[in-house]
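After the structure tokens below, expect a handful of questions from me.
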């Protein structure tokens, strides 16, 4: 993963970076075992959903395909169970509870994206948490900026990389995956604790 930051916070991958106000970011390159096999299986086997959401006084298609597996739901691939277990162990000191849900996003091409947001539905809006994201497929920019304004930082998240945002990051920072002129498919796998969305 190439990580570039305007202020030096993201110059070295693989180490936790304090973002301020209790927020942090952890980047680990090549974290996922067999990313090629998992990407192919998820792209083919997941029953992807094209959602529509109310935005700007209109109902519009969500610019990516989605699938959500809540607490207790059977996951579509055993590697997701293993990743959830490993991540729960890795971030136990921060969370003191396991990851329970898995969200999947399929970015079909460069036109698919996600706008600036924080995962603040439920406890993420009021309590510290960790959201761990495993990226598979095409390398895409991942942007972060302080909530309420400020310069954004661009990270290039690649095939098999892990990016975890923790502490107050969902309340004090926002993140986005912007549109790009050309891109091959990418799958984002998000691991969250119960009550965070």
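Is there any pair linking a residue in the stretch 28-44 that is under 13 Å from residue 187 (Cα atoms) to one that is in a helix (DSSP H, G or I) and modelled with pLDDT of 95 or more, with Cβ under 6 Å and at least six apart or on different chains, and which?
Every condition considered, the pairs that remain are 38/79.
Here are some residues: 161, 119, 109. Which one is in contact (Cβ under 8 Å) with a residue 24 or more places away in the chain and more than 23 Å from residue 41 (Cα to Cα)?
Being in contact (Cβ under 8 Å) with a residue 24 or more places away in the chain and more than 23 Å from residue 41 (Cα to Cα) holds for just one of 161, 119, 109, which is 119.
Follow-up question, since we're still on this one. So, residue 119, is that one in a loop (DSSP other than H, G, I, E, B), more than 12 Å from the chain's Cα centre (by Cα) and either at pLDDT 95 or above or under 21 Å from residue 67 (Cβ atoms) (or both) or not?
Criteria not met by residue 119.
The values are calculated or read from the model by the stated rules, or taken from the named source; none is laboratory data. What you see is a predicted model; the values in this text were computed from it and never measured. Neighbour counts are summed over all protein chains in view; Cβ atoms, including those assigned to glycine, are modelled from backbone coordinates with ideal geometry.
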